[in-house]
Amino acid sequence: VLKFEDGDNWISDMSVLGRVSAVADTTLDTIKVVPNPYIVGSNFNESEHARKIRFTNLTSHCTIKIFTLSGELISTLDHTNELSGNAFWDMRTINNQEIAPGLYIYHIVENEAKNIEPNIGKFAVVR
């Protein structure tokens, strides 16, 4: 137990306040998709016509490709943000069509550090 007495003082380094720290570019192992599963009728939806899935813990420069189970590429997201490890997908295809319910595969590749293994995962959309 610390006990302070008259005359004690402490020093605080305020120079770190407001400092921007970059997103760590070390691994793709901690990436998550939220919500997973995505339930169309849930309260998470922003509005009836604006649905989003979020990819979290991304590196600052990566590419996200989303595929159907049959291997058809339906969307590509380029994430280039040094301040945020999040990317949002509006759940629309390359042709601007709303996706169907089902299971989807994502493939994330780091664009700058070539020695980082890609992250491959899945998420579900339930109506």
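The values are calculated or read from the model by the stated rules, or taken from the named source; none is laboratory data. As the structure is a computational prediction, the values presented were derived from the model and not from experiment. Surface accessibility is based on the protein's heavy atoms, side chains included, excluding ligands, DNA and RNA. Shrake-Rupley method; radii C 1.70, N 1.55, O 1.52, S 1.80 Å.
Annotation: D78 carries an accessible surface of approximately 110 Å², with a 1.4 Å probe and no ligand, DNA or RNA atoms counted.
Solvent exposure of the stretch 45-101 amounts to 56 Å² per residue of accessible area, where only protein heavy atoms count and the probe is 1.4 Å. Computed in the context of the full set of protein chains, the accessible area of the stretch 58-127 at 1.4 Å probe radius has 51% of its extent on carbon or sulfur.
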